[in-house]
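Single-structure report; data block below.
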Amino acid sequence: MIYTDKVMENFNNPQNMGVVENANAAYTVGSPECGDIMEMTMRIENDVIEDIKFRTFGCAAAIASSSMATQMLKGKSVADALKMTNDDVIKALGGLPAQKIHCSVLAEEAIKGAIENYKKG
Ligand code: FES
């Protein structure tokens, strides 16, 4: 199993790690495959994701996926975020090994869950 340079870059130097202050959207998801956990927090203003951060207790692929996903979504609309799939994250990372695909699914689920919570108010 070999990680791409993009994966290693995001794993060794993850972006947007932590918790957004004054977040109005949050969701934590656990992976049934491995038991790892990912939390996303966001501040959404006028349907734009002004800030987004993650905390991941998981593998390198999960950390790289969350780092990449948050970079892709900062400043984007909620509608764009809902359209983003784990495949988009994998492409941006230059690929993930087959047995690590589920790690990127965590990022998609955490993002969609946070937005759903936001919409529920
Ligand atoms: Fe658990 Fe990657 S192995 S998220």
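The values are calculated or read from the model by the stated rules, or taken from the named source; none is laboratory data. Bear in mind that the values here come from a model prediction, so they are computed numbers and not experimental data. Cβ coordinates were reconstructed from backbone atoms using ideal geometry, including for glycine residues, and neighbour counts include every protein chain displayed. The accessibility values were calculated without ligands, DNA or RNA, using every heavy atom of the protein model including side chains. Shrake-Rupley method; radii C 1.70, N 1.55, O 1.52, S 1.80 Å.
All conditions in (1) out of contact with any Asp or Glu (no Cβ under 8 Å at 6 or more places or on another chain); (2) assigned to a strand (DSSP E or B); (3) not charged (D, E, K, R) hold for Met42, with the sole exception of (1). Of all residues assigned to segment 34-50, at least one qualifies as being touching a Cys at 6+ places or on another chain (Cβ under 9 Å), more than 19 Å from Gly95 (Cβ to Cβ) and open to solvent by 60 Å² or more (accessible area, probe 1.4 Å). Comparison of Ala107, Ala64 shows that the only residue that is touching a Ser or Thr at 6+ places or on another chain (Cβ under 7 Å) and within 30 Å of Ile2 (Cβ to Cβ) is Ala107. Every condition in (1) open to solvent by less than 50 Å² (accessible area, probe 1.4 Å); (2) outside any strand (DSSP E or B); (3) not hydrophobic (A, V, I, L, M, F, W, C) holds for Lys6 except the one numbered (1). Of all residues being assigned to a helix (DSSP H, G or I) and either open to solvent by less than 40 Å² (accessible area, probe 1.4 Å) or in contact with a Ser or Thr (Cβ under 8 Å, 6 or more places away or on another chain) (or both) in segment 88-97, which is farthest from the ligand (Cβ to nearest atom)? Just the residue, please. By that ranking, first place goes to Ala92. Taking (1) among the β-branched types (Val, Ile, Thr); (2) within 13 Å of the chain's Cα centre (by Cα); (3) over 23 Å from Thr4 (Cα atoms) in turn, Val48 satisfies each apart from (2).
Scanning segment 16-37 for residues that are of a type in the set (Asp, Glu) and in contact with a helix residue (DSSP H, G or I) (Cβ under 9 Å, 6 or more places away or on another chain) yields Glu33, Asp36. If you go through segment 12-28 and pick out every residue that is within 16 Å of the ligand (Cβ to nearest atom) and over 16 Å from Ser67 (Cβ atoms), you end up with 2. Among the residues of segment 62-87, the ones that are within 11 Å of the chain's Cα centre (by Cα) and either assigned to a helix (DSSP H, G or I) or of a type in the set (A, V, I, L, M, F, W, C) (or both) come to 15 in all. With respect to Lys119, determine if the residue is over 10 Å from the mean Cα position of the chain (by Cα), under 23 Å from Tyr3 (Cβ atoms) and not in a strand (DSSP E or B). No, not satisfied.
Residues in segment 98-121 that are touching a residue at least 60 places away in the same chain (Cβ under 8 Å) and open to solvent by less than 20 Å² (accessible area, probe 1.4 Å): Cys103, Leu106, Ala107, Ala110, Ile111, Gly113, Ala114, Ile115.
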